[in-house]
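Quick notes on the structure that follows.
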Amino acid sequence: MSQAPVDAKVRTEGGSHGAVADTIHGGVHNNYYELPPPEASLEEKLESALRFLRSGQPTTARRLLDEVIAEDRDSGEICFHWLLAFFGGRTFWELSEEESERVMTELKRIVELPRSRWSAGIGVIQRLVLAGRSRPDEPFEGTGIEADLNSLPTDLSAAIRTHLERLIQGSLKDELWHRDVQEAQANQKAGNRRTRVWKFFEPDPRPPRICPVRGFVASPVVRASAGISTTVVIVASGTLGWLVAQRGDVSATVALVGLVVTVGIALRLGVEWRFRDEALRASERERRAVRFSYDALRPGGFADQVDRLYRSYVRRFAPSDDRERRAWLDATEIPLSRLRNDLVEAYREREVGADEIKWLVRFQVRDMRIRWTRGEELDPRPGVPARLRLAAGADAVLSLIALAWVTQSALRQDVLRATGAVLVLALAGAVAFMLGLRILADHKHVRVRRIDRERRLEQYNAEYRRWLQRLADRPTDTQMAQWLDCDRRLLLNRAIEEYRLKWSDIQAYASLEARGRSSRKARVKNGPWRYTRYRLLVFLLTSDGVRQLTTELDFEDAKFLRWERTNYRYDAVAAVQVSVRDDEASEFHLHLVNGADIEVAVTENGRPGVDEDPRVLADAVQDATGLRHALFVLEGIAAEGRRWWKGAAYRRGAGSRT
């Protein structure tokens with residue numbers, strides 16, 4: 001029989017869970033189990049301790065309430081909750097000798113406090129403690145406790161029955177159990193559990209981001225060249241206009257005005273042509289780069305995880321028809337990769353997890369599916385349409401005709417000046433036109449991208465607000481703990497019914513709660529892991545031996561699956577062991593003399609994160625799994641057999657485990 005330190009990450013019996021993302025909640029959830037600062041008020045320390053207590057973490061609550069009761073020893077409320085935490089999840093005989101002496105001394109003092117709302121509850125706890133000091137095989141002196149317990153205010157009675165469950169035994173347990181089961185059945189699915197549990201396992205979403213569009217700034221050489229050539233064009237045009245005006249040729253004047261107009265139109269059409277042509281070329285380059293980039297993704301890296309999310313949602317939103325499914329997958333390949341690259345670039349910080357932007361990936365793919373269903377092109381190729389080519393060609397012809405008409409008129413007025421002006425206009429005009437196309441087309445690229453960015457960002461913000469609203473009623477860790485406690489009680493009841501036992505037939509019991517197969521997990525800061533599927537084991541110790549019931553729990557649907565019953569005598573238990581692997585995963589082993597090994601991975605990732613308390617986290621894991629009490633019970637059986645609860649062996653307690 002051996003025991004190793006219990007902490008850290010795990011797998012369940014049957015293999016690993018595969019690549020399932022872990023979630024540690026931030027935001028308001030992140031502060032729920034924050035330890036109070038040293039300068040906190042007494043009320044703040046008490047509230048923090050009660051949060052731990054309500055969530056099924058009596059060990060940390062006990063430590064915090066020790067500090068609180070040291071500051072105010074006369075408060076009935078503080079003393080009541082201190083007693084709840086002190087015995088939370090423990091029997092009297094799990095206390096060390098020092099703890100036993102302390103609690104008995106404190107009880108004598110507490111019951112003498114002035115009468116208050118808490119006095120009756122404290123009195124019931126005192127009677128339970130005194131009665132609980134008897135061994136399991138001795139008569140339970142609980143006469144009248146049930147009536148006193150039922151006469152308490154509802155909140156006090158419920159708190160005692162919940163936290164001091166292991167102090168209540170024998171015939172009194174029989175009397176109270178039916179009511180406990182009824183409450184568990186009523187509360188198991190309360191608070192819309194079915195529609196809310198999944199939200200606990202959703203990560204806190206990151207606000208939407210899109211990489212900013214870089215503005216276009218022409219180089220000084222380009223700007224200077226454009227300015228000089230434009231000035232020369234204006235001077236040359238002015239010279240031609242002056243010559244035409246001197247001649248008094250009205251038709252040539254009209255042609256000159258028409259030339260200015262057609263050149264302006266040509267510039268606008270040319271900008272559109274260049275913009276579309278460059279967009280097409282960029283699209284082709286991007287297509288080649290996208291196909292190459294698939295092989296460049298580092299396995300397991302952030303970009304690879306985001307890529308997996310996109311592909312997962314593309315498959316999820318794919319049509320069921322094989323032909324349409326292939327068309328959908330082909331149509332989404334390039335735009336999916338483009339979105340992936342943009343998203344990876346926008347969220348490149350190390351602390352961002354792929355699951356935190358899963359909501360955005362899902363929205364993008366869903367929007368893509370809607371547009372694809374409407375018949376829209378998901379990856380349109382801009383190209384230069386024929387009508388733009390025809391319009392540009394017609395405008396060029398009109399410009400040449402107008403220029404020729406103006407030129408012939410100017411030549412008749414002054415051949416030398418007209419010839420020089422036309423040549424200069426042609427050369428400078430070509431330079432100014434080409435530079436103008438480049439500058440204006442680049443500005444249009446920036447303007448179009450910024451408009452698209454603002455449009456997409458507005459859509460993403462709307463979806464982000466919608467998703468936050470959807471997660472607004474995410475259950476707290478306390479609610480998750482309460483639902484799990486209801487499941488555990490109903491499992492205990494199922495075990496008792498399966499074996500046709502009464503509580504008075506049970507000498508002791510223990511339970512283990514571990515991660516189930518293919519389960520997601522999440523937790524709040526300083527809190528234990530919660531799972532979408534659990535592997536639950538119940539051990540009932542009777543006079544004839546150990547009765548074990550094992551099942552899988554679908555936590556979201558509150559359904560038990562795959563029941564397994566196992567029975568063995570006390571002398572069949574060879575050893576109990578907790579081993580810790582290199583990755584700090586803790587496994588519970590119950591070895592039987594016939595060579596069988598009951599193995600359960602019972603703890604998950606006890607390594608503290610940023611600003612987490614290692615001790616709080618380790619205690620939370622053991623409280624949540626039930627490992628501490630299970631070891632106390634089963635190690636005692638492995639060492640002493642059925643003699644364990646009949647004498648000193650049972651009374652030795654668990655000093656090293658408290």
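The values are calculated or read from the model by the stated rules, or taken from the named source; none is laboratory data. Here the structure is a predicted model, which is why all the values come from computation and not from measurement. Positions of Cβ are backbone-derived with ideal geometry, glycine not excepted, and every protein chain shown enters the neighbour counts. These area figures cover heavy atoms from the full protein model, side chains too; ligands, DNA and RNA do not enter into them. Shrake-Rupley method; radii C 1.70, N 1.55, O 1.52, S 1.80 Å.
Quick rundown of the values:
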read-out	value
Other-chain or far-sequence residues with amide H under 5 Å of ALA575's (modelled H)	HIS591
Kirkwood hydrodynamic radius of region 447-495, Cα pairs, Å	14.4
Additional length obtainable on full extension of the chain from ILE228 to HIS589, 0.36 nm per residue less Cα span	121.3 nm
Stretchable slack from GLU376 to GLU77, in nm (0.36 nm times residue separation minus alpha-carbon distance)	101.0 nm
Within region 459-509, trypsin sites (Lys or Arg not before Pro) in DSSP loop having at most 16 other beta-carbon neighbours inside 10 Å	ARG500, LYS502
Extension gain (nm, one decimal) between ARG465 and SER312, 0.36 nm per residue minus Cα-Cα	52.7 nm
More than 17 angstrom apart: percent of Cα pairs within region 388-446	56
Calculated diffusion of region 59-104, Stokes-Einstein form, Kirkwood radius summed over Cα pairs, 20 °C and 1.002 mPa s, µm²/s	196
Estimated FRET transfer efficiency (VAL431, ILE401; beta-carbon r; R0 25 Å; 0.05)	0.65
Ordering of 547-558, 81-92, 207-218 by burial proxy (mean other Cβ atoms within 10 Å per residue, highest first)	81-92, 547-558, 207-218
Estimated inter-spin distance, ARG615 and ILE210, nm [label 7 Å along Cα→Cβ]	5.1
Where region 140-297 is the region considered: accessible area per residue in Å², 1.4 Å probe	53
Lys, Arg +1 and Asp, Glu -1 on Cβ, resulting dipole of the chain about Cα centre, debye, nearest 20	3220
Computed log₁₀ I(q)/I(0) - Debye formula, equal Cα scatterers, no solvent, the chain, q 0.05, 0.06, 0.08, 0.12 Å⁻¹	-0.42, -0.53, -0.73, -1.24
Compactness relative to 2.2 N^0.38 Å, alpha carbon Rg of region 473-608	1.12
Point-to-point label distance, ARG455-ARG285, nm (Cα→Cβ direction, 7 Å offset)	2.3
Ranked packing of 352-364, 617-629, most packed first, by mean Cβ within 10 Å	617-629, 352-364
For region 125-254, the Rg and Dmax computed from alpha carbons only, in angstrom	45.6, 131
Sites ARG387 and ASN192 - FRET efficiency at Förster radius 56 Å, r taken between beta-carbons, to 0.05	0.45
Diffusion coefficient, µm² s⁻¹, Stokes-Einstein with Kirkwood Rh over alpha-carbon pairs of region 229-352 at 10 °C and 1.306 mPa s	80
